[in-house]
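Structure, as structure tokens:
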Amino acid sequence: MSTTTATHHDDHGHPTGIMRWVASTNHKDIGTLYLWFSFFMFMFAGALALGIRAELFQPGLQFLEPENFNRLTTLHGLIMIFGAIMPAFVGFANWMIPLMIGTSDLAFPRLNNMSFWLMVPAAILLVGSIFVPGGAMAGGWTMYPPLSVQNPSMGVDMSILALHILGVSSIVGSINIITTILNMRAPGMTLMKMPLFVWTWLITAFLLIASMPVLAGALTMLLTDRHFGTAFFDAAGGGDPVLFQHVFWFFGHPEVYIMILPAFGLISTIIPTFARKPLFGYASMVYATAAIALLSFVVWAHHMFTTGMPVAGQLFFMYSTMLISIPTGVKVFNWVATMWRGSMTFETPMLFSIAVVFLFTIGGFSGLVLAVLPVDIQLQDTYYVVAHFHYVLFSGAAMSIMGAVYYWLPKWTGHMYNETLGKWHFWLTTIAFNITFFPMHFTGLAGMPRRIPDYALQFAEFNMISTIGAFALGISQLLFLYVVVKCIKGGPKAAANPWEGAEGLEWTVPSPAPFHTFETPPTVK
Ligand code: CU1
């Protein structure tokens with residue numbers, strides 16, 4: 001019966017040693033792989049950002065050739081999006097969705113393994129593009145032609161191939177998640193009883209399946225324009241460079257929601273726990289998530305207001321964009337109403353979640369400002385846009401990820417993390433984040449363009465502040481690494497319910513499902 005061999009399998013036939021990870025079909029191990037991969041990419045792309053901020057500390061050119069500066073901004077964006085934020089959410093999905101719906105694993109464990117390991121060659125291609133002759137793509141993460149077509153460097157092709165591979169990984173992963181959620185729920189776990197994190201991932205997976213092939217199409221057209229003489233994006237050959245922008249943003253805007261809907265799911269899990277109340281407005285949360293997802297497909301040209309589209313088109317995209325603030329407002333209202341008159345305590349996961357509600361809302365409002373057509377024409381390609389999307393993606397997505405790591409560390413490791421150090425990490429991160437990005441609203445309103453390594457003297461003070469904040473933000477994340485590693489290695493044993501007073505709320509919010517159907521009961525081993 002036993003398939004035990006000397007070194008590669010344990011008594012149950014499961015691979016051990018390095019093969020435990022390489023050949024893993026276990027959702028928890030693969031979740032762990034995703035989360036560590038995400039963290040290393042986060043630190044690497046963060047280091048690239050520090051290169052950008054170092055150059056912008058003072059006006060003039062200090063360290064970087066303009067072309068290299070642009071390579072840093074391109075790779076910072078691509079790696080943060082595809083290497084850090086998306087894999088972190090997939091890591092949480094792997095770890096928690098089977099536990100939350102009461103099943104033993106994802107529907108296709110081997111595909112799950114493939115989804116993860118596809119990301120490694122993709123990351124090598126992306127990072128490796130820095131080192132080949134000609135260097136990495138320098139045209140920004142959006143890869144607009146003609147720059148991305150005319151740059152002869154192999155680094156551009158490596159990035160394109162990397163994104164193709166990551167697209168396959170995302171699509172396969174999404175099929176896995178949808179199949180798991182629709183087919184493998186425990187008896188009694190109806191769709192409208194699923195924890196909200198599961199709902200947000202179900203909807204996100206559909207967004208991925210609908211949008212990643214569109215990116216793949218745009219990338220393939222880019223590739224054939226580069227090498228096979230087509231002219232999809234070349235006006236001289238009858239094509240149109242603006243076509244790329246339309247196809248790209250038809251993917252790119254839903255991508256924004258791919259990076260924020262799971263974050264909404266995470267804080268919708270954390271806030272009820274620390275407010276000692278069920279989530280307010282569960283059904284409206286589900287419908288708001290679905291409404292945001294549908295609307296995300298009809299707003300793409302708000303990234304293109306200055307490309308010369310007809311006024312009717314501009315108005316359509318302005319109003320459709322503004323419409324998204326309604327379901328988003330429903331969510332913010334529900335989070336606040338959940339906290340309202342709750343017995344709140346402020347452990348690290350809750351601090352992060354409250355900061356997300358507050359700071360993401362600032363990003364939402366600056367998004368509303370940018371949606372206004374005449375305002376956007378002024379602010380297009382300024383630092384105001386950079387400020388806006390970092391409030392969405394750092395204080396929305398990244399900080400919800402950090403909060404969720406603290407939230408589930410006791411469950412994952414069996415140990416409590418150091419709460420004092422966790423709070424230090426929270427406050428350092430939140431303060432440094434605001435020092436970095438809040439001044440960018442002002443530099444942007446004053447007209448400083450993004451993606452330029454030099455700037456006029458009047459922007460000097462705010463840039464100096466931003467750079468100091470950025471280095472503080474980067475260094476603070478070493479504390480995060482320290483707290484997590486320390487917790488994995490040991491520490492006080494976590495209680496069955498580490499968040500006292502919140503019995504039954506923490507892992508599986510509205511679940512009447514019988515616990516015996518869970519592979520791991522919702523307690524710490
Ligand atoms: Cu958008």
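The values are calculated or read from the model by the stated rules, or taken from the named source; none is laboratory data. In this text, all values refer to a predicted model and were calculated from it rather than measured experimentally. FYI the Cβ positions are ideal-geometry reconstructions off the backbone, even for glycines, and counts take in every protein chain you see. These area figures cover heavy atoms from the full protein model, side chains too; ligands, DNA and RNA do not enter into them. Shrake-Rupley method; radii C 1.70, N 1.55, O 1.52, S 1.80 Å.
Residues in region 461-471 include at least one that is open to solvent by less than 20 Å² (accessible area, probe 1.4 Å), over 25 Å from Gly403 (Cα atoms) and of a type outside the set (Val, Ile, Thr). Note on region 288-312: residues that are within 16 Å of the ligand (Cβ to nearest atom), open to solvent by less than 20 Å² (accessible area, probe 1.4 Å) and not hydroxyl-bearing (Ser, Thr, Tyr) amount to 6. As for region 372-386, it holds at least one residue that is within 16 Å of the ligand (Cβ to nearest atom), in a helix (DSSP H, G or I) and free of Cβ contacts under 8 Å to residues at least 40 places away in the same chain. Among Phe437, Phe389, which is farther than 30 Å from Gly313 by Cα and crowded, with 17+ Cβ neighbours inside 10 Å? One residue alone meets the criteria, Phe437. Val356 meets all of the listed conditions (1) within 19 Å of the chain's Cα centre (by Cα); (2) more than 19 Å from Leu196 (Cβ to Cβ); (3) more than 15 Å from the ligand (Cβ to nearest atom); (4) surrounded by 16 or more Cβ atoms within 10 Å (Cβ to Cβ) but one, namely (2). Counting only residues that are free of Cβ contacts under 8 Å to residues at least 40 places away in the same chain and crowded, with 23+ Cβ neighbours inside 10 Å, region 159-181 holds 1 of them.
Assess whether Lys331 counts as being assigned to a loop (DSSP other than H, G, I, E, B) and surrounded by 15 or more Cβ atoms within 10 Å (Cβ to Cβ). The answer is no for Lys331. Test Ser211 against the criterion of being crowded, with 18+ Cβ neighbours inside 10 Å, under 17 Å from the mean Cα position of the chain (by Cα) and within 16 Å of the ligand (Cβ to nearest atom), and give yes or no. Yes.
Does Pro278 satisfy being more than 18 Å from the chain's Cα centre (by Cα), within 16 Å of the ligand (Cβ to nearest atom), open to solvent by 10 Å² or more (accessible area, probe 1.4 Å) and under 26 Å from Leu191 (Cα atoms)?
no
The sole residue among Ala54, Ala49, Ala84 that is in a helix (DSSP H, G or I), within 23 Å of Leu409 (Cβ to Cβ) and of a type in the set (Gly, Ala, Ser) is Ala84. The set of residues from region 313-322 being open to solvent by less than 40 Å² (accessible area, probe 1.4 Å) and away from the ligand (no atom under 11 Å from the Cβ) comprises Gly313, Gln314, Met318. Among residues of region 334-353 being aliphatic (A, V, I, L, M) and open to solvent by 10 Å² or more (accessible area, probe 1.4 Å), the one that is farthest from Thr429 (Cα to Cα) is Ala337. Put simply, of Phe248, Phe233 the only residue that is within 16 Å of the ligand (Cβ to nearest atom), within 15 Å of Pro145 (Cβ to Cβ) and touching a residue at least 60 places away in the same chain (Cβ under 8 Å) is Phe248.
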